[in-house]
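The values are calculated or read from the model by the stated rules, or taken from the named source; none is laboratory data. What you see is a predicted model; the values in this text were computed from it and never measured. Quick reminder, even Gly has a Cβ in these numbers, built from the backbone with ideal geometry, and neighbours come from all protein chains shown. In case anyone asks, the SASA skips ligands and DNA or RNA and just uses the protein heavy atoms, side chains included. Shrake-Rupley method; radii C 1.70, N 1.55, O 1.52, S 1.80 Å.
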Amino acid sequence: MDAIVVDTERTGIDCIQYLRDQRAGTATFLPLETLTVKSIDAKYRNFARGARLAVDVIQVEPRFEKAIHYACGNSLVCDTLDIAKEVCWNRGQEVKAVTLDGTVLHKTGLMTGGTSVTSGRDAQRWEERDIEALRKARETLLSDISELAKARRRLASDDLLRSEILALVTRVNVASDSLNSTRRKVASVQQELDEVEGNIARMEPEARALTDSSTTKETEVGNVQNEINAVEDRIFSSFCARIGVASIREFEESRGAEQQVQEQRRLEFETAIAKCTNEITFETKVLRDIESRISRLEQAIEDDSQVLEANNEEFRVFMAETERLLAEYNECVADQGALAERLRNQAAVVDDAKKTALKCAKDSEATSKRLLGLESNLEALFAERIAVFRRCKLEEIDLPLLNDESIDDISLESLDRAQMRGDSMDTDDSPTRMDINQIKVDYSGLKRDLKQNSSDEADIEFQETLKNLTSEIERMAPNMKAGERFGDVEAKLRATAEEFENARRDAKSAKDAFMAVKQERYNRFISAFNHISGCIDQIYKDLTKSRTFPLGGTAYLAVEDSEEPYLDGVKFHAMPPMKRFRDMEQLSGGEKTVAALALLFAIHSYKPAPFFVLDEVDAALDNANVARVANYVRARASADFQFVVISLKSTFYEKAEALVGIYKDQDLQSSKVLTLSLKGLDD
């Protein structure tokens, strides 16, 4: 009665697995789907007054009746202990009886349970004391649980604070290094500034002296220039008066402007000339391309003309052949008229023949039925004929043959092939069988009574019928070219049979190759699936276990098609610790990430690569899960299996063997790389 009712056997197995993983004890599960219930013995319904079947007394939902029938069976509920003793002991019924006061009489004859001798009031007081003690114990346990919860929260808070402190310490160290570097830069700049100020103080007197000297020189240069201008005015006074300018300097300025205009125009002319030269060069190149295309087209036209002349010659020959064939066609039409007349004459004969054929139809049908029976006899006679030829060949008997042939001309190989083909039910038109049938035995030396089988009258009738049919076939004038066509058809049949045999072998080879590839595909898939399915549960447990849940979660894979699993999907289910079964879509982002990492690591374990790249896989994970993933990665990292992790979480930095950072250099406006090895440093 302490069993747990479940709907299917699979649910019970999952529950047992859960209890085993959580170490929660043992329990009995009753699956309604596969539960086998024995029929209730109806005689116990009215077996004794005051005794009733337990299944009739217990009220339960209809869908659970099967479990109640299984648990209770033929058990009886009796009003008093005397009734139970009467049923079980006095009447000898091997049933379980339960009284209303709790006494149980088992099938083996044992009796357990029952009421105590304590009065009702004393029992009431004892139960109250017991309840009070249990209540105090409950309060004590609740206080312990609350203290444990507070301690757990403090522990989690301490872990979080510890990680934040480590991150802040790292940031302080980085800031301290930056401050020291800045101080060193400030000291260096201050030193350079002092040197510059000293240089300025030393060079200031020299600068003032040079300034005074420069002012004096400029004054002297101005005086000299004035003297030069006065001399130029005196020398060129007559020239300036003649051209009407104030001074020679004005003339030079106007002349310089004209030269500048001329230089500008010359530059424009040179630009125009260069542009025209480039256009001429381009047009010349285009002209050469056009001439080249024209030459190619002329060559193509010449070739096409030759081809056209050849085609015209072939056309003339074709027309002559057509005229000849047309003349022959006209002759054939004339012959056809004559043949049509003959055909009309023959039509009348054919009508008469049809009447005769209708009359012979019944005989022909009977003959056909007989031929079906004779074909088997013919096969037997053919086998006997080959046996006779073989015996004559082996015993060197001189068998008389027609057409000047001899038994020595027949090889044993041809006889064996003919016999094997006859045994394999080949058709009569096989080449070997035709060769055997062409051998004619000369029966002219036999007596008349030996040529006929007097003991078999049916054989005589068959010979007469065969003779009549032969004469009738000869009167019908068969086609004489059938032999030639038969040879062609026979050759084509052999070629077709050879092609069919080759195609059959190719098809068999292709099918065998396909089945081999299919089996190899199945073996590889099953090998990978079995390996991944076998290790994914342990990997998921390693990623989810903690102090609170030392066993971790559960994950497993299942194929949808066991026959050809690679054609359908593979179901992946993951159950985080202390959570019931749910679809993957209903899991949180962090739970999906951990499940995906478990699947990824399981797939990678089948044929591992030398390195593994993880790009911000911890984006949806909290600090605890990040620490678990980092510990897992650190535990499995080695020289043959390297991890490259891109992360923004400090927990991954602490577990790494080396750090690589990317930053922007403001002075160079470019990215640079920083590396730091953590090997040998204390955790």
Q) Counting only protein heavy atoms, what percent of the accessible surface of the range 583-641 is carbon or sulfur at a 1.4 Å probe? A) 56
**Q.** Globularity index of the range 535-683, i.e. its alpha-carbon radius of gyration over 2.2 N^0.38 Å
**A.** 1.24
Q. Expressed as a whole number of Å, what is the distance separating the alpha-carbon centroids of the range 529-551 and the range 259-287?
A. 83
Q: Place the peptides 215-227, 546-558 in order of packing, highest mean first, counting for every residue the other Cβ atoms within 10 Å and averaging per peptide.
A: 546-558, 215-227
Q: List, in order, the whole-Hz ³J(HN,Hα) value for each residue of the range 493-503 obtained from phi through the Karplus relation with A = 6.51, B = -1.76, C = 1.60 and θ = phi - 60°; use x for Gly and Pro.
A: 5, 4, 5, 5, 5, 5, 4, 5, 5, 5, 5
Q | Of all DSSP beta bridges in the range 498-647, antiparallel share, percent nearest 5 | A | 55
Q. Assigning unit charges at the beta carbon (Lys, Arg +1; Asp, Glu -1) and nothing else, what dipole magnitude in debye, to the nearest 20, does the range 133-202 show about its Cα centre?
A. 680
Q: Please give the peptides 129-137, 661-669, 487-495 ranked by average Cβ packing (other Cβ atoms within 10 Å per residue), highest first, as a rough proxy for protection.
A: 487-495, 129-137, 661-669
Q: Give the distance, in whole Å, between the Cα centre of the range 73-97 and the Cα centre of the range 636-661.
A: 74
Q. Order of 671-679, 47-55 by packing, highest average Cβ count within 10 Å first?
A. 47-55, 671-679
Q | Amide H within-cut-off set for Gln642, under 5 Å, with H built and near neighbours excluded | A | Phe611, Phe612
(Q) Under 5 Å between amide hydrogens, which residues at least 5 positions from Thr554 or on another chain qualify, with H placed 1.01 Å from N in the peptide plane? (A) Met575
Q: Starting at the first residue of the range 287-294, write each ³J(HN,Hα) from the Karplus equation 6.51 cos²θ - 1.76 cosθ + 1.60 with θ = phi - 60°, in whole Hz, x for Gly and Pro.
A: 4, 4, 4, 5, 4, 5, 5, 4
**Q.** Placed amide H near Leu401: partners under 5 Å, 5+ positions off or other chain
**A.** Asp442
Q | When each of Lys607/Lys679; Lys440/Lys492; Lys571/Lys649; Lys541/Lys571 is checked by Cα-Cα distance, pairs over 22 Å | A | Lys607/Lys679; Lys440/Lys492; Lys571/Lys649
Q: Determine ³J(HN,Hα), in whole Hz, for all residues of the range 35-48 in sequence, where each value follows from phi through the Karplus function 6.51 cos²θ - 1.76 cosθ + 1.60 and θ = phi - 60°; x replaces Gly and Pro.
A: 6, 9, 10, 7, 5, 7, 6, 5, 5, 7, 5, 10, 6, 8
